[in-house]
Every structure is written in C-alpha cells, then in structure tokens.
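One structure is given here, and the rest of the page talks about it.
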Amino acid sequence: MKGPWRMQLDQQDEQTTALVRTYDAAARLKRQGRIEDAAAGFRALLDGAARVKGFDGHRLAAVAIQQLADLKSGRLTDPELAQAEAIAAALPEGEEAGWAVRFGLGLAVSRQDPAAAMAWYDAANAMKRQTVAYDADAMDRVFETLARVFDPALIARLAPGSAGSPKPVFIVGMPRSGTTLVEQILASAPGIHAAGELTAISDLCRNIHSVEGDWPAGADRLTPARARALANAYLIHLHKLAPRAERVVDKMPANAQNVGLLMALFPNAAILHVQRDPLDTCFGIYRQLFAGGVDYAYDQTEIGRYHQGLMRLMDHWKAAFPGRIVDVSYPGLIADFEVEARRIVAATGMPWSDACLEFHKTEREIDTASAVQARRPLFKSGIGAADRFRP
C-alpha cells in the first residue's frame, strides 16, 4: 500500500486490491491540491472498507479516517466519528492502523474538546513510540559532533573543492515550522523549481560514513577532491530533476542537521532557516503522524530536546558564519507577508514575481504533511495553535 503508511494487509483479493487503488488515487488528488475530490475518494474508501471482513477492513477504514480528518481540518460527520471510535476499540495493541485512527480522532475533536483530543494524541503517540528506536542522548552527541567538526577551518580547507553554482536552495528547520509555505512561495516564481523533500543530502552523508569511516565525525577527513565529487553528484541530481530551472529548492527540514556540509559544498547556495514559535512547532509535530524518519516525534520530552539541540546547532553556525544563513520567521510572514516574501525570493538571487503573493494558486504536487495548508490563502490560525492545549 503506497502513501504515508505501507500497511500490510492480510488479504490480497480483488476487493482489497481495488480499495488500495482507491486510496492511491485519493492520495494523488491530495498531492495535486484537489481537496474535495480527494475527500470524496477517501469517503469511497471508507464505505468500501465496511464491506471487507477481518482486520483489513478496519485498517483501510483507519487510513481513510485519518486522511479525511487531515483534509477537512478535523471536520468529520457524526457517523464517521462513531465509526472511527469503533475502529480504535476493535484494533489490537501494536496495530499500525490503531495509532493512525487515533491521530485522526485527535484532530477530529480538537476544535470542540482539546482535552479529549490530547487523550487521543497521547494514546496514538504512545503506541507509535513503541515501534521506533530513538536515543535522545545519542542525538545530543550527534549535535555536539556536528558543531565541533564543521568549523570555519574545515570549511575553508574544503573550499577549493566546493561547487560555486547558485542553483541549490535549501529550506531547513523543524517539521511543522512553515517550511512548506516558504517552498510554495518560491515555487511560484519563474525559474525556480520546487523539488520537495529530497533525500540526496542524506545520501551524501551516508556516502561519507561509508568512505571516510563515520558520520558526522568522518567529515573531518574529507579532502577538497572528495568535496568536489560529492557536490557534483548532488548538482547532477538537481539537473536531472529540473534541467531548465535556474534554482532548485530542496525542502528537507532535516537538512538543518547538515547545514555545515551544505556550507562546505555549496558556498553560493541560499540556505533559509524557517522558525516558528517553539510550542506551536513542537505541538504540531506531536499531533502529526509522519511517513518516516522523524523518530523523535512521538514523545513530548524527546520533541523538546530535539528542538533545543537543533536550535543550539543552528545558533552555532550562525555565530561562526554570520550572514550565511537567512532566518525566516513564520509569524513574520503572517504579519507582513509581502515584505517577507520579497526577502525570501531575494535571498535566492532571483527576481520577484507577483505570483508569489498568490502562492496557493500555484499548481504542483505537494507530498508533505502540510500539503493541504499550502493550498489555502495565508491564514493566522497557526499562530498560538497550541495555546488551547497548554493544560
């Protein structure tokens, strides 16, 4: 099964296969911004799942509920809510669909009953946390090593091998901080291609681990020749994605960890660091079921520790390399959109386009947790979103 959850189904008969196709089609419509059509597709999946016997019916219905809650900002019908609660009660502990439907239920009741929503979020996160291996102490050590290794001396030593191309544009930060909004603004400008959340930089880190013997400590053993090879491999990848584009946006939030490497390999690339109120950011993560790779996301303390560690790391690089990283404030965008949007586009070296003011009309596939929000005009409800849940 494609999409956020590659859920294992017991049956592979014609009926379940057809419903998986229904899910895939609805997920594609969601990526394309066709929200009402996608909702209709997920409701068709929900109706069809009721006719599937065994746990497969619950699994398919759970995904449909979770997606509907996301698409409709939690607005489910009373029968859909009742069905979701029945599915949550029926599925055994450890079922992937069990935490998926609980995330959906949390969103579904969050407007009218924050306490009930938190109970669903807590249950969903507790179930999901049991399935991931995450060590917060080890992550703190990684942050410390990154700050130590990527110092001005290393970056100066690798400079002869760096790529001078301004084509890469990196948007980094915490998930749920506004990175998709910034990407959508840039995607609206001619000559800029938004490539989404690329894994290519993580691939380079794994390559360094394999060749130099470790990551991130092994980066200290890089040579200018190796830096050139790594930079060229990434640029070739960008060229294949968008050969005619003058800029290609890589919106992988987790590249915030890799900013030191980005500065070493691409001295002329724009690096935009998006920030939002810490509580709004962390709560946004806590109530979101991710497709993968965000293993710190399912425990409140671990989310907070990761956020603090990443901010310390970013502060280190901003102090060591003044002006190299462009800060983007999500609240600033909300308060003075055109001024901030113009500053964002200017950071890439590309000319302004008024199309950026209507970013929500730009047609492209968006395959992130913020795919629905990016299709809406600018809204202020994201500011202080966690306040009702503070207790």
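All of the numbers you see were taken from the coordinates with simple rules; none came from a lab. Treat the numbers as computed from the prediction; the structure is a model and nothing was measured. All Cβ positions, even for glycine, are placed from backbone atoms using ideal geometry, and neighbour counts span all protein chains on display.
General observations
- Each of Val63, Thr199, His239 was scored by the projection of its Cα onto the charge dipole of the chain, and the greatest displacement toward the positive side belongs to His239; charges sit on the C-beta of Lys, Arg, Asp and Glu.
- Counting every alpha-carbon pair across the stretch 204-336, the share separated by more than 17 Å comes to 68%.
- Estimated vicinal HN-Hα couplings, Hz - the stretch 23-38 in sequence order (Karplus 6.51, -1.76, 1.60; Gly, Pro = x): 4, 4, 5, 5, 5, 5, 4, 4, 4, 7, x, 8, 5, 5, 5, 5
- Axis of helix 337-347 versus longest Cα principal axis of the chain: the two differ by about 50°, to the nearest ten degrees.
- Ratio Rg/Rh, restricted to the stretch 14-129 and using Cα atoms, in which Rh is the Kirkwood radius: 0.96
- Check: the stretch 136-389 dipole with +1 on Lys, Arg Cβ and -1 on Asp, Glu Cβ, in debye: 500 debye
- Stokes-Einstein D (µm²/s) once Rh is taken as the Kirkwood radius of the stretch 137-247 over alpha-carbon pairs, at 10 °C in 1.306 mPa s: 101 µm²/s
- Given (1) 4, 18, 20, 17, 15, 13, 8, 3, 0; (2) 5, 23, 31, 22, 11, 5, 2, 1, 1, 0; (3) 5, 22, 30, 25, 14, 3, 0, the label whose value is P(r) over Cα pairs in 10 Å bins from 0, in percent derived from this model: (3)
- Amide hydrogen proximity for Ala194: with H placed 1.01 Å from N in the peptide plane, the residues at 5 or more positions away or on another chain lying under 5 Å are Val249.
- Under 17 Å from the Cα of Lys128 - aspartates and glutamates, other chains or at least 8 residues apart: Glu93, Glu95, Glu96, Asp295, Asp299, Glu302
- Amide H contacts under 5 Å for Asp327: His273, restricted to partners 5 or more places along the chain or on a different chain, H placed in the peptide plane at 1.01 Å from N.
- Charge dipole of the stretch 136-389 about the Cα centre (unit charges at C-beta), most positive-ward option of Gly284, Leu181, Pro322: Pro322
- Leading residue at positive end of dipole, the chain (Cβ point charges), from Ala27, Asn268, Val169: Asn268
- Among residues other than Phe266 with Cβ under 13 Å from its Cβ, the summed charge is +3 (Lys and Arg +1, Asp and Glu -1).
- When each of Lys251/Lys380; Lys167/Lys240; Lys30/Lys361 is checked by Cα-Cα distance, pairs over 20 Å: Lys251/Lys380
- The average projected area of the stretch 24-66, computed from the convex hull of its Cα atoms over all directions, is 2.6 nm².
- For Lys128, Lys251, Lys318, Lys361, the sequence from fewest to most other C-beta atoms within 10 Å is Lys361, Lys318, Lys128, Lys251.
- Helix-only [θ]222 nm of the chain, DSSP H runs n ≥ 4, -39500 (n - 2.57) each, per residue, nearest 500: -17000 deg cm²/dmol
- Cβ crowding within 10 Å averaged over residues, with 191-200, 88-97, 15-24 ranked highest first: 191-200, 15-24, 88-97
- The spacing between the stretch 208-225 and the stretch 318-349, judged by their C-alpha centroids, is 31 Å.
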